[in-house]
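Any read-out appearing in this document is the output of simple, stated calculations on the displayed coordinates, not a laboratory observation. Since this is a predicted model, take the numbers as computed values, not measurements. Every residue, glycine as well, gets a Cβ built from its backbone with ideal geometry; the counts of neighbours run over all protein chains shown.
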Amino acid sequence: MSPEVKNKIVIHLIEFFFVGLLMGVIEDLIAIRFATDAKITFEVIKIAFLVAFPFAFISEILVDFGVFRKMFKKRKKR
């Protein structure tokens, strides 16, 4: 794989990671607002970010890198 292709893949993963993170934070803020009637403050945004971060990481980085696919292929061969 050429360095240009690797660069494009890394940029793609970073873009989708940040989009996934942003969408996760927005989703959490909407849920917090409707479920609790809490005011959206910086502290609430920080908590929503901390909750969304691991899910964005898992869904975008690990899945796109094929870590799970590799694990399932190894199990399937056994």
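A few comments on the model shown:
- The packing ranking, built from the mean of other Cβ atoms within 10 Å per residue, places the peptides 11-19, 35-43 in the order 11-19, 35-43, highest first.
- Extending 7 Å from Cα along the Cβ direction at Phe49 and again at Val63 yields two label points whose distance is 2.4 nm.
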